Every structure is written in C-alpha cells, then in structure tokens.
Amino acid sequence: MKFSHSNTQELYPMEDPIWLAPDGSLLDCTLAEHFNPDLVNKNEPSIWRYAEVLPNIAIENRLSLGGGFTPLLPFAINDRPILFKHEYLFSTGSYKDRGAALLMSMAKQWGIKNVVQDSSGNAGCAIAAYAAAASIACSLFIQEQTSPSKIAQMKAYGATLKAINGSREDIANAAMEATKTSYYASHCWNPLFFQGTKTLAYEICEQLNWKAPDSVVLPAGNGTLLLGCYIGFSELVQFGIIKHLPKLIGVQSANCAPLATAFFSENNVEIFTQLPTIAEGIAIAKPVRGEQLLAAVKNTNGTFITVSEQEIENAWKNCVQKGLYIEPTSAATVAGVASYAALFPNEQIVSVFTGTGLKSTDSIAKLNKL
Ligand SMILES: *Cc1c(COP(=O)(O)O)cnc(C)c1O
C-alpha cells in the first residue's frame with residue numbers, strides 16, 4: 001500500500017512519515033490489493049484480524065488495547081430490530097480506537113518520538129492511549145470546554161494538554177503550527193486513521209457472512225467512520241466479495257449540518273448557520289474531508305439526515321431506558337436511524353453505538369433533569 005495524492009493520485013511510499021501531500025493537498029491511501037476471507041485470523045478480535053488489507057506493519061509494532069470485532073446485535077427502534085455495532089466497547093470508550101491503533105502502530109514502526117493532535121475529546125483520548133502503549137510522547141490541543149472526564153482520561157495516559165480558548169479552527173491552527181516539530185496524528189488529516197476505521201466495514205460484512213447490508217447509518221462530523229467504511233466497502237466490492245456498495249447515510253445535528261446543507265443545496269460546504277447541540281462530538285463546522293464525504297455518500301446512492309435536539313434526546317432516552325449508556329453524541333446517529341428506518345421499511349440497516357456515556361457525566365446530568 002502507498003500514500004496517494006487526493007487530486008492527482010501521485011503515489012508516495014509509506015516508508016516516510018508524512019500526513020499531507022507535498023503541495024498541501026489531502027493525502028489518501030491506495031486501496032488494498034488482495035484479500036482472502038478464508039485467511040482472516042478468527043482468533044484475533046482486534047483490527048489486526050484484517051492485517052492483509054492494512055498498511056504493512058510488523059507484528060511487533062501492532063498495537064491493540066483489547067477492543068475490536070465488536071458485537072453486531074439487534075436493537076429495537078420503534079419496534080423494528082436494527083443491527084447495531086457496539087463500538088463503545090473499545091478500550092478508550094469509542095470507535096476512535098480503530099483509527100488510533102493503526103496510526104500509532106505506524107508511528108511506532110517509523111520510530112516517531114512525539115505526536116500532536118487536536119480533538120474535542122474521544123479522538124484525543126484514543127491517540128493519547130495508543131501513544132502511551134507505544135511509548136510515544138503526545139501533545140493534545142483541546143478546547144477549554146472539553147468535558148472534564150475526557151480531560152482526566154487524556155492526562156491519565158500521560159498526554160500534555162494545551163487548552164485553547166477559541167474556536168475549533170483556532171485549535172486546529174495551533175496544532176498545525178506544532179506539526180513543524182511533531183508528527184500530526186490527526187483523525188481528520190492523517191489518511192492512516194481511515195485505514196483503521198475501514199475495519200468496521202470488514203467486520204460488518206464478516207458478521208453478515210460476507211454480505212453487505214442495504215444501508216449503513218453513520219455519524220457525519222468529520223466523517224472518520226463514514227469515510228473509513230466507504231474505503232472498506234469499496235475494497236470489498238473490488239475484491240468481488242460484495243456485489244455493490246451499501247448506501248452510506250450520514251447523520252448530522254440540525255444545529256450544525258454543513259454537509260447536509262451542501263448535499264441538498266449544491267452549495268459549497270461552508271454556507272450554513274451553526275447553533276449549539278448536545279451532540280457536541282459531531283458539531284464540526286468545516287470538516288477537513290467535506291468534499292470526500294459528499295462524494296462518498298453520493299457514490300453509494302446514500303443521503304444525509306439531520307436530527308433535531310429533541311430527536312437526539314428522545315433517542316438517547318430510548319437507549320438508556322433499555323440499559324444502553326451511550327453518550328449524547330452517539331444518540332444523534334440513533335435518532336438518524338429512527339428517521340431513516342421509517343422511510344425504508346424493507347431495508348436491512350446497520351448502524352453504530354459510537355461512544356460510552358461514562359465520559360459524558362456532566363452533559364448526562366443535565367439531560368436527566370429535562
Ligand atoms: C468522533 C465521534 C463521532 C463522530 O465521528 P466523526 O468522525 O466526527 O464523524 C460520533 N460519536 C462519537 C462518540 C465520537 O467519538
């Protein structure tokens with residue numbers, strides 16, 4: 001596998017630690033070249049189960065903290081059983097472990113000594129955890145209003161935190177400045193992160209006996225899971241294992257929906273209004289890979305769905321009242337499933353519970369009072 005320029009498709013070897021094309025454009029990875037489902041290591045529950053389709057990382061550099069091959073279980077949404085992947089079961093409490101495990105394994109292989117990242121929470125927690133596992137120093141630029149339990153988690157792993165009083169863009173700019181002396185372990189810019197999240201597509205297919213569902217409903221903030229799934233399903237089509245791409249459905253909070261707005265109006269991604277949302281983890285005003293996300297959803301014949309604060313709250317209550325303690329951001333996707341499923345009564349739909357509620361005690365305490 002090689003790195004490839006997102007526009008010109010020029011190739012770069014994976015021997016060098018880069019995360020951006022030389023001209024400042026986004027960097028991608030080439031598709032995996034071969035895959036034999038019979039060679040899947042069934043005893044391996046981590047992302048390394050699919051090592052054959054992942055970048056070439058020596059066994060001694062492959063990091064895992066015990067998550068992966070998450071259960072795919074039916075969960076009733078308006079009395080209809082929908083299959084959900086339980087992604088909050090990863091070690092750091094969200095699916096971000098998939099991307100962080102892959103990215104930090106490569107950093108370890110490259111002999112990188114320090115990484116920098118900027119995140120509203122879960123991505124920072126995951127990069128900090130796998131940096132700790134690889135004995136790599138980690139600096140995290142975070143928003144001052146980041147949840148105290150996520151800050152505590154990042155600190156516990158030994159990360160150096162730099163709280164910035166400003167917008168997400170100010171924070172991204174500060175991190176960007178730091179990349180002059182440190183490798184950027186970004187979940188948005190770095191293409192290796194998506195090589196980790198693509199394993200979700202492989203798991204879904206394997207759990208459905210190497211068939212694709214009709215549609216997969218996913219969060220669309222920075223779209224790290226959505227683009228990862230697009231890559232994974234595209235590879236599985238290319239290998240002839242599934243016949244066609246499942247529809248990818250991106251869910252956004254109505255209060256911050258740049259992609260849905262662009263998708264339906266054909267405007268550029270930046271024209272929209274933003275209000276606060278309890279789904280803070282998907283409140284991304286300017287997704288770095290916005291154009292790629294729009295193209296991915298379009299190519300799969302999918303769509304975007306926006307959900308109101310009330311719908312997110314209802315979805316969250318439905319989950320916790322059935323014993324599933326997910327974070328409010330995670331409930332936005334569940335709310336998206338409810339409205340999508342009502343439109344398509346005959347489709348086989350798969351979705352995800354993205355993150356645990358255990359890190360969102362403050363916002364959950366507020367929700368309890370409503
Ligand atoms: C990161 C995250 C999301 C959103 O993922 P994007 O990659 O921004 O689309 C949703 N839920 C949880 C719990 C997350 O940590």
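The values are calculated or read from the model by the stated rules, or taken from the named source; none is laboratory data. Nothing here was measured: the structure is a model prediction, and the numbers come from that model. All Cβ positions, even for glycine, are placed from backbone atoms using ideal geometry, and neighbour counts span all protein chains on display. We work out accessible area using only protein heavy atoms, side chains counted, and drop any ligands, DNA or RNA first. Shrake-Rupley method; radii C 1.70, N 1.55, O 1.52, S 1.80 Å.
Tabulated results
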| read-out | value |
| --- | --- |
| Test: residue in the stretch 143-152 that is open to solvent by 10 Å² or more (accessible area, probe 1.4 Å), within 17 Å of D118 (Cβ to Cβ) and in contact with a Pro (Cβ under 7 Å, 6 or more places away or on another chain) | no |
| Criterion violated by P55 - all others in (1) at pLDDT below 95; (2) open to solvent by less than 60 Å² (accessible area, probe 1.4 Å); (3) away from the ligand (no atom under 13 Å from the Cβ) satisfied | (1) |
| Qualifying positions in the stretch 186-238 - in a helix (DSSP H, G or I), of a type in the set (S, T, N, Q) and under 24 Å from S6 (Cα atoms) | Q195, T197, T199, T224, S234, Q238 |
| Members of the stretch 110-133 that are more than 9 Å from the ligand (Cβ to nearest atom), under 22 Å from K180 (Cα atoms) and part of a helix (DSSP H, G or I) | W110, G124, I127, A128, Y130, A131, A132 |
| Where a residue in the stretch 321-336 is open to solvent by 10 Å² or more (accessible area, probe 1.4 Å) and its partner, wherever it lies, is of a type in the set (A, V, I, L, M) and part of a loop (DSSP other than H, G, I, E, B), with Cβ under 7 Å and at least six apart | T329/A279 |
| Hey, D23 free of Cβ contacts under 8 Å to residues at least 24 places away in the same chain, charged (D, E, K, R) and part of a loop (DSSP other than H, G, I, E, B) or not | yes |
| Options S64, S25, S4: the member that is modelled with pLDDT of 95 or more, out of contact with any Lys or Arg (no Cβ under 9 Å at 6 or more places or on another chain) and open to solvent by 50 Å² or more (accessible area, probe 1.4 Å) | S64 |
| Single condition Y230 does not satisfy, out of (1) open to solvent by 40 Å² or more (accessible area, probe 1.4 Å); (2) more than 20 Å from E87 (Cα to Cα); (3) within 15 Å of the ligand (Cβ to nearest atom) | (2) |
| Test result for A295, part of a helix (DSSP H, G or I), under 24 Å from E203 (Cα atoms), more than 15 Å from the ligand (Cβ to nearest atom) and without any contact (Cβ under 8 Å) to a residue 40 or more places away in the chain | yes |
